[in-house]
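Q: My questions will all concern the structure given below.
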Amino acid sequence: MTRPRFNRILLKLSGEALMGEGQFGIDPDTAARLAEEIKQAKGGHELCLVVGGGNIFRGLAAASKGFDRTSADYMGMLATVMNALAMQNALERIGVDTRVQSAIPMATVCEPYIRRRAMRHMEKGRVVIFAGGTGNPFFTTDTAAALRAAEMGCDALFKGTSVDGVYDADPKKVSDATRYETVSFQRVLSDDLKVMDASAVALCRDNDIPIVVFNIREQGNLARVLSGEGVATIVQNGE
């Protein structure tokens, strides 16, 4: 199947993508590899980025252990700022001009989130990293990614994972799980296919933003998928 051409994309990475082989925190070598992936993919594309914070702090997990949910979610949002600064450092070390914008204002370390300024940065070829989630508790970074993709007028949301697409069952547990080449938003929601959380999927559906799910751990894969090669699943409107 020939994939459509995407010019402006938002790349969503989990915080765990920065851990490498570790169990916690940020692995500098892994951050450097991801930065190289983004640099390779950047040619001819406008690119922005959302990174989760699960490698440092998970608000929902903390809330289940007795933390106040609102406070826990704010702590998770602060973790995403740390990851965004780590990715900014990795990207700028290899010559990629980058800006971090946070939904929680912290002027000494990054810009506040301002939509028009973010769009101008992208038009000038800079990679914009959105941190701080949506700025509100009870929303995941998946939802923040979908929201920013809609606000930035992105052609697609690329979800980098540890598998090469969307399956009808967990391929790590079910050996004969079937991978979808394309799948509808409605099926993802009705079959609970765990692509992203339901509010993020619904937001992409309502704004007709395809979600492209691919394996970010495979070297050079982001650039291949962007060029129409590589293995990925596109979640979109229709069957």
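Q: Based on the Cβ-Cβ distance from S175 to N207, what FRET efficiency comes out when R0 is 25 Å, to the nearest 0.05?
A: 0.10
Q: Report ³J(HN,Hα) in whole Hz for each residue of segment 100-106, in order, from the Karplus equation J = 6.51 cos²θ - 1.76 cosθ + 1.60 where θ = phi - 60°; Gly and Pro get x.
A: 9, 10, 10, 6, 9, x, 8
Q: For segment 155-163, take each phi angle, set θ = phi - 60°, evaluate the Karplus expression 6.51 cos²θ - 1.76 cosθ + 1.60, and give the result in whole Hz per residue in order, putting x for glycine and proline.
A: Working through the residues one at a time gives 6, 6, 10, 9, 9, x, 10, 9, 10 Hz.
Q: Then there is this: Taking a 32 Å limit on the Cα-Cα distance, which of the listed pairs K12/K124; K124/K194; K124/K172 fall beyond it?
A: Working: K12/K124 21 Å; K124/K194 35 Å; K124/K172 41 Å.
Among K12/K124; K124/K194; K124/K172, the Cα-Cα distance tops 32 Å for K124/K194; K124/K172.
Q: If I take the Cα coordinates of segment 101-239 and project them onto the principal axes, what are the three extents in Å, biggest first?
A: Its Cα atoms span 51, 32, 27 Å along the three principal axes.
Q: Over all alpha-carbon pairs of segment 171-223, lay out the pair-distance distribution in 5 Å bins, whole %, shortest bin first.
A: 4, 16, 24, 23, 19, 12, 2
Q: Between K65 and R93, 0.36 nm times their residue separation minus their Cα-Cα distance comes to what?
A: 6.2 nm
Q: If I build a Gaussian network model for the chain, linking alpha-carbon pairs within less than 10 angstrom, which residue out of G43, G59, G132 has the largest mean-square fluctuation?
A: Of G43, G59, G132, the Gaussian network model singles out G43 as fluctuating most.
Q: Separation between the S199 and V231 pseudo-spin-labels, each 7 Å from Cα along Cα→Cβ, expressed in nm?
A: Rounded to a tenth, the inter-label distance reads 3.4 nm.
Q: Once both labels are modelled 7 Å past Cα along the beta-carbon direction, what's the N136-S162 spacing in nm?
A: 3.2 nm
Q: Continuing with this model, one more query. Given the chain, what whole percent of its Cα pairs are spread farther than 33 Å?
A: Details: 3160 of 28441 pairs.
I get 11 percent for the Cα pairs in the chain exceeding 33 Å.
Q: Build a GNM of the chain with springs between Cα atoms under 10 Å: which of D27, D164, D191 gets the top mean-square fluctuation?
A: With Cα springs under 10 Å in the chain, the top fluctuation among D27, D164, D191 is at D191.
Q: Also, quick follow-up: E46's amide H: which non-local residues (gap 5+, or another chain) put their own amide H closer than 5 Å, with H modeled 1.01 Å from N in plane and none for Pro or chain starts?
A: Those lying under 5 Å, H to H, from E46 are R8, I9.
Q: Something else about it: Efficiency by 1/(1 + (r/R0)^6): what FRET value for E123 and R5, r their Cβ-Cβ distance, R0 = 22 Å, to the nearest 0.05? Write down the numbers at each step before the final one.
A: Details: r = 18 Å, r/R0 = 0.82.
Rounded to the nearest 0.05, the efficiency is 0.75.
Q: With a 1.4 Å probe and all protein chains left in place, how much of the accessible area of the chain comes from carbon and sulfur atoms, in whole percent?
A: Values: 5460 of 11030 Å².
Of all accessible area on the chain, carbon and sulfur atoms account for 49 percent.
Q: Sticking with this structure for a sec: For a quick check, take a GNM of the chain with Cα springs below 10 Å and name the residue from M106, M119, M82 with the largest mean-square fluctuation.
A: M106
Q: Also, quick follow-up: Which value, in Å², gives the accessible area per residue of the chain when a 1.4 Å probe is used on the protein heavy atoms?
A: Details: 11030 Å² over 239 residues.
Heavy-atom accessible area per residue stands at 46 Å².
Q: Also, quick follow-up: Given an 8 Å cut-off on Cα distances and at least 6 residues of separation, report the relative contact order of the chain as a percent.
A: Working: 481 pairs, mean separation 51.6, N = 239.
About 22 percent, as a whole number.
The values are calculated or read from the model by the stated rules, or taken from the named source; none is laboratory data. The structure presented is a predicted model; accordingly, all values stated were derived computationally and were not measured. Cβ coordinates were reconstructed from backbone atoms using ideal geometry, including for glycine residues, and neighbour counts include every protein chain displayed. Note: areas computed on protein heavy atoms with side chains; ligands, DNA, RNA excluded. Shrake-Rupley method; radii C 1.70, N 1.55, O 1.52, S 1.80 Å.
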